[in-house]
1. Running Debye on segment B:109-150 with equal point scatterers at the Cα sites and no solvent, what base-10 log of I(q)/I(0) appears at q = 0.15 Å⁻¹?
2. Taking each label point as 7 Å beyond Cα in the direction of the beta carbon, state the distances from B:ASP130 to the same residue in the other copies, shortest first, in nm.
3. Spelling out what I want: for every residue of segment B:156-171, take phi, set θ = phi - 60°, compute 6.51 cos²θ - 1.76 cosθ + 1.60 (Karplus), and round to whole Hz; glycine and proline get x.
4. Using a 7 Å offset from the Cα along the Cα-to-Cβ direction at both A:GLU150 and B:LEU44, what is the distance between the two label points in nm, to one decimal?
5. What are the residues whose amide H is under 5 Å from the amide H of A:ASN148, where those residues sit 5 or more places off or on another chain and H is modelled from the backbone?
6. Using modelled backbone amide H atoms (1.01 Å from N, in-plane), which distant-in-sequence or interchain residues come within less than 5 Å of B:LEU81's amide H?
7. Compute the label-point distances linking B:SER76 to its equivalents in the other copies; points lie 7 Å from Cα along Cα→Cβ; give nm, one decimal, shortest first.
8. Quote to one decimal, in nm, the extra length available between A:THR140 and A:LYS116 on full extension: 0.36 nm per residue of separation minus the C-alpha distance between them.
Protein chains: 2
Amino acid sequence: MAAVVTFLRRLSTITPLKKGVLQRYPTCIRTMSGAVPQGVSERLWSLGKLNHVAIAVPNLENATALYRDVMGAKVSEVTPLPEHGVYTVFVELGNTKLELLHPLGEKSPIEGFLKKNAAGGIHHICIEVDNITEAVKQLTSSHIRALNPEPKIGAHGKPVVFLHPKDCNGVLLELEEA
Amino acid sequence: MAAVVTFLRRLSTITPLKKGVLQRYPTCIRTMSGAVPQGVSERLWSLGKLNHVAIAVPNLENATALYRDVMGAKVSEVTPLPEHGVYTVFVELGNTKLELLHPLGEKSPIEGFLKKNAAGGIHHICIEVDNITEAVKQLTSSHIRALNPEPKIGAHGKPVVFLHPKDCNGVLLELEEA
């Protein structure tokens, strides 16, 4: 997890992506069309469900009250995850969940984000994959950088990889093997 | 929709929320506990599923290629919505969808967002409700401001209301009656 934390902290120094910097992906496979370009092996992984939307919040009690008391959502207890440097509260939405994040300790990976976004904001989204090793292999060969190419155990006890926001339309994208 | 567009445009001038500015919500009801405080009528609306995560992108073709070709997701055709000032592409994720947004016309509501976030980024999330009129009534009485208190017809042809990000942990929250 230390590598993930280090990479997340580095995000605060990332410069904006220039228009058009994302180029074609020569090694890609269009699975939806059913056509696999010659010389390219078949896809060995699939994108799954949206696991959660993570929201960094400056005040966890108020944020929890907003969803639980004002909006009537089912929310979890506050869970401290010292190894990840965050407190978490999950908000159930039926088909997926919101993950409220608040810094824990002095070197929280969301500290920098909250300094830049005092009101809080959406920190990342997490999408499930069925084979994270194959996903990273294909993504990196398609010039989508992984912040931690070697999967780490995430907050849910499952292997996760964060993709570089500069390669994903400014979105910090977490892939979780589910 | 004009009012929504105007309000969205104004978001670029919003100053960050100070820590602790969200206070208690005296008129709230804790539906999950089953206890309804005395003198408070029962909740007349419910929060539903996450309808979509909207991502503003500087290059719609590249963003679509990332999800379709690199990640193998099923994506929609590009749909121009001139009355909303955006082009949209939907990325299916099984339980919900991503909505890629790109400016259309000179007065697009996401123009300011992309000026501030050249690489793109998550613009808003949309959660379904079963009764938008009652939702807005209760939310505003709980000091959660609606950018358009009168529901407007959104991109999916259904009534929508946008909540003020300053009252929602820095998140632009769209409620859609589904």
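1. Evaluating at q = 0.15 Å⁻¹ gives log10 I(q)/I(0) of -0.55.
2. Here B:ASP130 shows inter-copy label distances of 3.4 nm.
3. Listing the rounded values in order: 9, x, 10, x, 10, 9, 9, 9, 5, x, 5, 9, 10, 6, x, 9 Hz.
4. For A:GLU150 paired with B:LEU44, the spin-label model returns 5.9 nm.
5. Distant-sequence amide H within range of A:ASN148: A:PHE162.
6. Under 5 Å from the amide H of B:LEU81 lie the amide H atoms of B:VAL86, B:TYR87, B:THR88, each far enough along the sequence or on another chain.
7. In ascending order, 3.1 nm.
8. Gain on stretching A:THR140 to A:LYS116: 5.7 nm.
Laboratory data are not the source of any read-out in this text; all were calculated from the coordinates shown. Please read all numbers here as calculations on a predicted model, not as lab measurements. When we count neighbours, we look across all protein chains shown, and the Cβ atoms used for this are built from the backbone with ideal geometry, even at glycine.
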